[in-house]
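Participant: Just passing along the structure, written as structure tokens.
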There are 2 protein chains.
Amino acid sequence: MEIAFEKSGGLVPAIIQDEATGDVLMLGFMNAESFELTRRTGEVVFFSRSRNKLWKKGESSGHVLKVADVCVDCDADALLIRVHPVGPGVCHEGYRSCFFRSLNDKGAPRVIAERTFSPGAVYARAKFPSANEAK
Amino acid sequence: MEIAFEKSGGLVPAIIQDEATGDVLMLGFMNAESFELTRRTGEVVFFSRSRNKLWKKGESSGHVLKVADVCVDCDADALLIRVHPVGPGVCHEGYRSCFFRSLNDKGAPRVIAERTFSPGAVYARAKFPSANEAK
């Protein structure tokens, strides 16, 4: 089945959901190549819009995302990838999920999760600390 | 808190998750106006990329999405909106979730959900059947 990469400039959004808990962990974008790599290797590879290159999630932190299941939506222009996350969290700010803030009625953010790791420690020990990790 | 609409041409992806079950129901895009309307009315309003206009989810089907909670990611360029969905499903093909197909090793789709309503019946009885419903 064809994914509609060309419909939106070569990239489709990929929702990453924890297969065990149902929590939404993050959203990234994939082009055809990163999608193919994700499926072939069984670990999530995005395409970084800011760096304009492939971005293997966990390449510096070791917090890779092991693919459990890949779903596609009705229009084939969005992906839902259920994963088994390796490590304490996916967010470069030290949380399990990048969606760690809720907005109140006035639009003010409130942190609704606890830090699960220290970003400084994780990225400092990486051999090639990469801005990629910050999306 | 500012959402980074301008970072990606005025639109950010909004993941819609069923607050009760944790199921991811769909992904749409929002511009600043649709986001403001969503927050003010408590019901999800997207911006349709294909029609280039605001798109109130459920405007013809009645299957509106009542907002339970709005979360924002670390980069403020993606939204996670937890909802109480009204009606039997959000997908114009008659499923609870737009992500009703899983891809197997060869990339072939397999339907993993059951139809919960007949799209023909729902959209035929709408006063103004709208292609918008098809995203």
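The values are calculated or read from the model by the stated rules, or taken from the named source; none is laboratory data. Computed from a predicted structure; not experimentally measured. A quick note on method: Cβ atoms are made from the backbone with ideal geometry, for glycine too, and the neighbour counts reach across all protein chains shown. The area values use the complete protein model at the heavy-atom level, side chains included, leaving out ligands, DNA and RNA. Shrake-Rupley method; radii C 1.70, N 1.55, O 1.52, S 1.80 Å.
Participant: Taking each label point as 7 Å beyond Cα in the direction of the beta carbon, state the distances from B:Ser118 to the same residue in the other copies, shortest first, in nm.
Facilitator: In ascending order, 6.3 nm.
Participant: Separate question: Chains B and A: how much accessible area gets covered up at their contact, both sides added, probe 1.4 Å, in Å² to the nearest hundred?
Facilitator: Heavy-atom accessible area buried at this interface is about 3300 Å².
Participant: Could you work out the relative contact order of chain B, using alpha carbon pairs under 8 angstrom and six or more residues apart, expressed as a whole percent?
Facilitator: This gives 22 percent for chain B.
Participant: Within 10 Å of each Cβ in peptide B:52-65, how many partner chain Cβ atoms are there on average? Round it to a whole number, please.
Facilitator: 0
Participant: Further question on the same structure: Quick check on packing: order A:114-121, B:92-99 by the mean number of other C-beta atoms within 10 Å, highest mean leading.
Facilitator: B:92-99, A:114-121
Participant: How far, in whole Å, is the nearest Cβ of chain B from the axis relating it by rotation to chain A, and which residue carries it?
Facilitator: Nearest to the symmetry axis by Cβ: B:Gly22, 2.
Participant: Right, here's the next one. When ligands, DNA and RNA are left out and all protein chains stay put, how many square angstrom of accessible area per residue does segment A:1-123 have with a 1.4 Å probe?
Facilitator: Using a 1.4 Å probe on heavy atoms only, each residue of segment A:1-123 averages 42 Å².
Participant: If you don't mind, there's one more thing I want to ask. At A:Leu54, label 7 Å along Cα→Cβ: distances to the other copies, nm, ascending?
Facilitator: Sorted ascending, the copy-to-copy spacings read 4.3 nm.
Participant: Can you compute the modelled spin-label distance between B:Lys53 and A:Ser118, with each label point 7 Å from Cα toward Cβ, in nm?
Facilitator: Computed distance between label sites B:Lys53 and A:Ser118 equals 5.6 nm.
Participant: Using only the alpha-carbon atoms, how far is helix B:32-41 inclined from the longest principal axis of chain B? Give it as 0 to 90 degrees, nearest 10.
Facilitator: Its long axis makes an angle of about 70 degrees.
Participant: Let me ask you something else. Contour minus end-to-end for A:Met1 and A:Asn104, with contour as 0.36 nm per residue of separation and end-to-end as the Cα-Cα distance?
Facilitator: 33.0 nm
Participant: Highest first, please rank the peptides A:72-82, B:81-91 by the mean number of other Cβ atoms sitting within 10 Å of their residues.
Facilitator: A:72-82, B:81-91
Participant: After finding the eigenvalues of the alpha carbon gyration tensor for the protein assembly as shown, what semi-axes result from the square roots of 5 times each, listed largest first in whole Å?
Facilitator: 30, 21, 17
Participant: When only C-alpha pairs under 8 Å and at least 6 residues apart count, what is the relative contact order of segment A:42-103, in percent?
Facilitator: 22 percent
Participant: If you count, for every residue in B:71-84, the Cβ atoms of partner chains within 10 Å of its Cβ, what is the mean?
Facilitator: Mean shielding by partner chains, rounded to a whole number: 6.
Participant: Still on this structure, please answer the following. For chain B, count all C-alpha to C-alpha pairs, find those more than 24 Å apart, and express that count as a whole percent of the total.
Facilitator: 30 percent
Participant: Using only the Cα atoms, work out Rg/Rh for segment A:10-64, with Rh taken as the Kirkwood radius, to two decimals.
Facilitator: Radius of gyration over Kirkwood radius for segment A:10-64 works out to 0.96.
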